[in-house]
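**Q** Starting off with a structure, shown below.
The values are calculated or read from the model by the stated rules, or taken from the named source; none is laboratory data. Note that the structure is predicted; figures quoted are calculated from it, not measured. Every residue, glycine among them, receives a Cβ derived from its backbone with ideal geometry; neighbour counts consider all protein chains shown. Heads up: the accessible areas ignore ligands, DNA and RNA and are worked out on the full protein's heavy atoms, side chains in. Shrake-Rupley method; radii C 1.70, N 1.55, O 1.52, S 1.80 Å.
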Amino acid sequence: MDRPRHEKLIAEIRATGARIRLIADGDLSAGIAAAVVGSGVHAVMGVGGAPEGVLTAAAMRCLNGEIYARLVVNSREHEERCAAMGIKDVRRVYTSKDLASGDGIVFAATGVTDGTLMRGVRFFGDGTRTSSLVMQSDPPRVRFIDTIHVEQRQIIRVRF
């Protein structure tokens, strides 16, 4: 993500000669795209939110992908919060199976803004069009769903 917190990481990656595409938002879909052949995304790196990490891990489980994540604990408040949640090792590296540990994972998402995997919500005269992605781990299935939601018109009946 194009954030000041990633400046050092961006410089290190560019120093290797690798190409980077920075994103303003949509870290969840970018993480998922890394496991989809043909997306052009080969890796996603940076600091994001824990809920997004868990959701991405669930998607990775459905795609036979992998995520490696750890908590970023950089203040006393963060340390106390981790301790209150029972986290003993704040340096632990978590995998997809750690973050989304169930046997039958189902993941569903609908695009809000345009991204690599899905188009954002589009409005037209009498409705809305959405692009969604539904995946499951057992049996492995990936479905892309394009839906048109037709606005219901209220019919007024008048009796004479």
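**Q** Whenever you get a sec, line up Tyr68, Tyr94 from highest to lowest accessible area (probe 1.4 Å, protein heavy atoms). Let's see the in-between values first.
**A** Working: Tyr68 165, Tyr94 40 Å².
Correct descending sequence by accessible area is Tyr68, Tyr94.
**Q** Can I ask one more? State the answer as a single residue: which of Val93, Met60, Ala15 lies farthest towards the positive end of the charge dipole of the chain, with beta carbon charges of +1 for Lys and Arg and -1 for Asp and Glu, about the Cα centre.
**A** Of the options given, the answer is Met60.
**Q** Only Lys, Arg, Asp and Glu count, each charged at its Cβ (+1, +1, -1, -1), so figure out the dipole size of segment 22-160 about its Cα centre, rounded to 20 debye.
**A** That gives segment 22-160 a dipole magnitude of about 440 debye.
**Q** Right, something else. Using the Kirkwood formula over every pair of different C-alpha atoms, what hydrodynamic radius in Å results for the chain?
**A** That comes to 18.3 Å for the chain.
**Q** Using Cα pairs under 8 angstrom and six or more residues apart, how large is the relative contact order of the chain, in percent?
**A** Worked out over the chain, it gives 17 percent.
**Q** Something else about it: What order do Ile20, Ile148, Ile156 take when sorted by accessible area (1.4 Å probe), most exposed first?
**A** Numbers: Ile20 50, Ile148 95, Ile156 140 Å².
The residues order as Ile156, Ile148, Ile20, largest area first.
**Q** Still on this structure, please answer the following. Given a 1.4 Å probe and heavy atoms of the protein chains only, how would you sort Phe124, Phe107, Phe144, largest accessible area at the top?
**A** Most to least solvent-accessible, the answer reads Phe144, Phe124, Phe107.
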